[in-house]
1. Could you grab me the full set of residues in the range 64-83 that are surrounded by 15 or more Cβ atoms within 10 Å (Cβ to Cβ), touching a residue at least 40 places away in the same chain (Cβ under 8 Å) and outside any strand (DSSP E or B)?
2. Would you pick out the residues in the range 37-70 that are closer than 23 Å to Q98 by Cβ and among the polar types (S, T, N, Q)?
3. Exactly one of these conditions fails for Y37: (1) surrounded by 15 or more Cβ atoms within 10 Å (Cβ to Cβ); (2) in contact with a helix residue (DSSP H, G or I) (Cβ under 7 Å, 6 or more places away or on another chain); (3) not polar (S, T, N, Q). Give me its number.
4. Using beta carbons and a limit of 9 Å, which pairs, at least six apart or on different chains, have the first residue in the range 47-61 and under 9 Å from A33 (Cα atoms) and the second one modelled with pLDDT under 95 and exposed (fewer than 13 other Cβ atoms within 10 Å of the Cβ)?
5. When the range 97-117 is examined, which residues are found to be modelled with pLDDT of 95 or more, part of a strand (DSSP E or B) and open to solvent by less than 60 Å² (accessible area, probe 1.4 Å)?
Amino acid sequence: QVQLVESGGGLVQAGGSLRLSCVVSGKLFSINAMGWYRQGPGKQRELVATITSGGTTNYVDSVKGRFTINNAKNTVYLQMNSLKPEDTAVYYCNADIQYLSGSRDYWGQGTQVTVSS
């Protein structure tokens, strides 16, 4: 059983910063990639940032230059600076776990980020 536990969400004023963390635990062979997705009110879930096991990162255009994803062992972080009200969403951690039989996606329970204007 694999678990992803997120932390670090909260309420912040526009222009402020937050750092999200996600710890992956359980039976896993290796992690191919980890990432952060978000779902704002009335919107579909969208990719925010991903990082591969080799360190390659990818960001949605709207957060480039403001958000930074990095990882250490089984933990992925999302440093969010210069936050805007439109960043308000539930943020979900994702991990692509590799097994001998193939790979599988896992999701965290989500953490709320609210940016006030």
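1. Of everything in the range 64-83, those that are surrounded by 15 or more Cβ atoms within 10 Å (Cβ to Cβ), touching a residue at least 40 places away in the same chain (Cβ under 8 Å) and outside any strand (DSSP E or B) turn out to be N74, L83.
2. Scanning the range 37-70 gives T50, T52, S53, T56, T57, N58, N70.
3. Exception for Y37: condition (2).
4. Short answer, once both residue conditions are applied: S53/S30.
5. Passing the criteria: Y106, T111, V113, T114, V115, S116.
The values are calculated or read from the model by the stated rules, or taken from the named source; none is laboratory data. Computed from a predicted model, the values in this text were never measured in an experiment. Ideal geometry is used to build each Cβ from the backbone, glycine not excepted, and the neighbour counts take in all protein chains shown. Heads up: the accessible areas ignore ligands, DNA and RNA and are worked out on the full protein's heavy atoms, side chains in. Shrake-Rupley method; radii C 1.70, N 1.55, O 1.52, S 1.80 Å.
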